[in-house]
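Asks: Take a look at the following structure, please.
The values are calculated or read from the model by the stated rules, or taken from the named source; none is laboratory data. It should be emphasised that the depicted structure is a prediction, and the values quoted were computed from it without experimental measurement. Note: ideal-geometry Cβ built from the backbone for every residue, glycine included; neighbour counts use all protein chains shown.
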2 protein chains.
Amino acid sequence: MQRMTRQRAAVSEVLADTEDFRSAQQLHDMLREAGHSVGLATVYRTMQTLAENGDVDVLRNAEGESLFRRCRKQVHHHHLVCRICGRTVELDAGVVEHWAADVGQSHGFVDVEHTAELFGTCAECMAAGAVDTRDA
Amino acid sequence: MQRMTRQRAAVSEVLADTEDFRSAQQLHDMLREAGHSVGLATVYRTMQTLAENGDVDVLRNAEGESLFRRCRKQVHHHHLVCRICGRTVELDAGVVEHWAADVGQSHGFVDVEHTAELFGTCAECMAAGAVDTRDA
DNA sequence: CTGTGCATGGGAACCATTCTCACTTGCAGG
DNA sequence: CCTGCAAGTGAGAATGGTTCCCATGCACAG
């Protein structure tokens with residue numbers, strides 16, 4: 001059974017405050033800055049639960065670290081993520097869907113699913129001199 | 001400068017022996033079984049070098065572990081992997097490249113890279129009754 | 001043959017994530 | 001309101017893949 005605890009409320013609050021993908025550690029920091037005391041393990045546990053429920057999107061960056069973001073569309077989509085600040089654009093990608101289905105079929109594969117994510121440096125971070133501006 | 005060492009030869013040999021994606025640890029085990037003594041760190045270093053040279057393909061499984069496989073095409077490409085038997089098809093994907101560049105630019109992102117992998121069930125595995133035959 | 005400096009190995013260091021377990025606490029039912 | 005207890009929490013330990021360190025080894029040009 002799901003209980004509503006102080007910690008879960010705090011996590012939801014922080015998640016609601018940002019559009020961008022954040023690591024568990026970042027979320028943990030943001031919680032502390034917001035005056036909430038939530039253990040790192042609890043952040044991980046909560047994100048896991050939310051992910052299972054489809055309430056957050058999860059993806060892995062180049063370093064293999066998991067990034068989370070509150071999910072708005074339940075439908076399948078992809079992301080363009082700034083590797084510096086985490087700013088994210090949700091993408092509809094008919095091209096990709098079509099390509100995947102097409103290629104799968106032509107090779108005799110069925111039940112084909114795909115992953116596709118784009119990482120780049122957004123205009124602002126580029127202007128900022130390619131310096132990592134994430135606040136710790 | 002690249003030196004040809006006993007260890008690198010051994011790694012190449014083992015890589016040439018399989019079509020499938022293998023983790024560094026698996027490669028390390030395969031080397032030992034083949035009678036070669038190669039340090040784990042050396043396996044990692046070698047795979048890193050090979051990956052940089054485009055001699056092996058790298059992808060991350062669901063657990064975030066890096067998997068390697070000898071590469072036949074030097075050019076950037078993607079994979080269609082059978083989720084049952086691991087059979088892999090290398091794909092040219094001009095569509096995807098174009099889409100990535102296009103989307104990145106239209107959102108003001110620079111230095112855009114992308115990941116894209118397809119997972120499905122191949123015809124043979126489908127015929128075999130959709131039973132997972134991977135050995136643990 | 002020999003010197004130079006890249007390569008190696010193995011054990012420590014790293015780091016994200018998960019586990020452990022004693023301690024809290026939400027909450028249903030008295 | 002109490003109260004019991006299972007779900008939730010947190011601090012730190014454990015895990016596991018990967019990288020780093022550094023003394024030693026060895027490929028290869030000269």
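Asks: Output the qualifying pairs, or none if there are none: Cβ atoms under 6 angstrom, residues six or more apart or on different chains, first residue in the range A:1-16 and more than 14 Å from chain B (Cβ to nearest Cβ), second residue at pLDDT below 95 and more than 11 Å from DNA strand D (Cβ to nearest atom).
Replies: A:Leu15/A:Arg70
Asks: Sort out which residues of the range A:63-78 are more than 13 Å from DNA strand C (Cβ to nearest atom) and either of a type in the set (D, E, K, R) or closer than 15 Å to A:Leu91 by Cβ (or both), and write them in order of number.
Replies: Initial filter on the range A:63-78 (more than 13 Å from DNA strand C (Cβ to nearest atom)): A:69-78.
Once the filter is applied, which keeps residues that are more than 13 Å from DNA strand C (Cβ to nearest atom) and either of a type in the set (D, E, K, R) or closer than 15 Å to A:Leu91 by Cβ (or both), the range A:63-78 yields A:Arg69, A:Arg70, A:Cys71, A:Arg72, A:Lys73, A:Val75, A:His76, A:His77, A:His78.
Asks: When you scan the range A:28-48, how many residues do you find that are among the hydrophobic types (A, V, I, L, M, F, W, C) and more than 12 Å from DNA strand D (Cβ to nearest atom)?
Replies: So in the range A:28-48, the residues among the hydrophobic types (A, V, I, L, M, F, W, C) come out as A:30-31, A:34, A:38, A:40-41, A:43, A:47.
Narrowing further to those that are more than 12 Å from DNA strand D (Cβ to nearest atom): A:30, A:34.
Total satisfying the criteria: 2.
Asks: Only one of these is more than 12 Å from DNA strand D (Cβ to nearest atom), more than 18 Å from the chain's Cα centre (by Cα), within 14 Å of chain A (Cβ to nearest Cβ) and surrounded by 13 or more Cβ atoms within 10 Å (Cβ to Cβ): B:Val81, B:Val112, B:Val89. Name it. Working first, answer last.
Replies: Numbers: B:Val81 fails: more than 18 Å from the chain's Cα centre (by Cα); B:Val89 fails: more than 18 Å from the chain's Cα centre (by Cα).
Testing whether each residue is more than 12 Å from DNA strand D (Cβ to nearest atom), more than 18 Å from the chain's Cα centre (by Cα), within 14 Å of chain A (Cβ to nearest Cβ) and surrounded by 13 or more Cβ atoms within 10 Å (Cβ to Cβ) leaves just B:Val112.
Asks: Which is at pLDDT 85 or above and within 30 Å of B:Arg32 (Cβ to Cβ), of B:Arg70, B:Arg87?
Replies: Details: B:Arg87 fails: at pLDDT 85 or above.
The unique qualifying residue is B:Arg70.
Asks: If I ask for residues that are within 16 Å of A:Val110 (Cα to Cα) and assigned to a loop (DSSP other than H, G, I, E, B), which ones from the range B:76-105 would you list?
Replies: The answer is B:Arg83, B:Ile84, B:Cys85, B:Gly86, B:Arg87.
Asks: Where the second residue is away from DNA strand D (no atom under 13 Å from the Cβ) and among the aromatic types (Phe, Trp, Tyr) and the first is more than 20 Å from A:Val11 (Cβ to Cβ) and lies in the range A:53-76, which pairs have Cβ atoms under 9 Å and are six or more apart or on separate chains?
Replies: Within 9 Å, the pairs are A:Asn61/A:Phe21; A:Asn61/A:Phe119; A:Ala62/A:Phe119.
Asks: Applying the selection to the range A:79-108, what residues are within 16 Å of DNA strand C (Cβ to nearest atom) and either closer than 21 Å to B:Leu118 by Cβ or touching an Asp or Glu at 6+ places or on another chain (Cβ under 8 Å) (or both)? Don't jump to the end; show me each part of the working.
Replies: Of all residues in the range A:79-108, those within 16 Å of DNA strand C (Cβ to nearest atom) come to A:81, A:83-84, A:86.
Once the filter is applied, which keeps residues that are within 16 Å of DNA strand C (Cβ to nearest atom) and either closer than 21 Å to B:Leu118 by Cβ or touching an Asp or Glu at 6+ places or on another chain (Cβ under 8 Å) (or both), the range A:79-108 yields A:Val81, A:Ile84, A:Gly86.
Asks: Residue by residue through the range A:65-75, note down the ones that are assigned to a loop (DSSP other than H, G, I, E, B) and surrounded by 11 or more Cβ atoms within 10 Å (Cβ to Cβ). Quick ask: steps written out before the conclusion?
Replies: First, pick out the residues of the range A:65-75 that are assigned to a loop (DSSP other than H, G, I, E, B): A:65, A:71-75.
Those that are assigned to a loop (DSSP other than H, G, I, E, B) and surrounded by 11 or more Cβ atoms within 10 Å (Cβ to Cβ): A:Glu65, A:Cys71.
Asks: On the given criteria, is B:Gly120 among the small types (Gly, Ala, Ser) and not in a strand (DSSP E or B)?
Replies: Details: among the small types (Gly, Ala, Ser): yes; not in a strand (DSSP E or B): no.
No; evaluated as a whole, the condition is false for this residue.
Asks: Yes or no: B:Ala62 assigned to a helix (DSSP H, G or I) and under 26 Å from A:Val96 (Cα atoms)?
Replies: Details: assigned to a helix (DSSP H, G or I): no; under 26 Å from A:Val96 (Cα atoms): yes.
Taking the combined requirement at face value, the residue does not satisfy it.
Asks: As an exercise: evaluate A:Arg3 against (1) near DNA strand C (Cβ under 9 Å from one of its atoms); (2) within 26 Å of B:Ala100 (Cα to Cα) and give the number of the one condition it does not meet.
Replies: Looking at each condition in turn, A:Arg3 falls short on (2).
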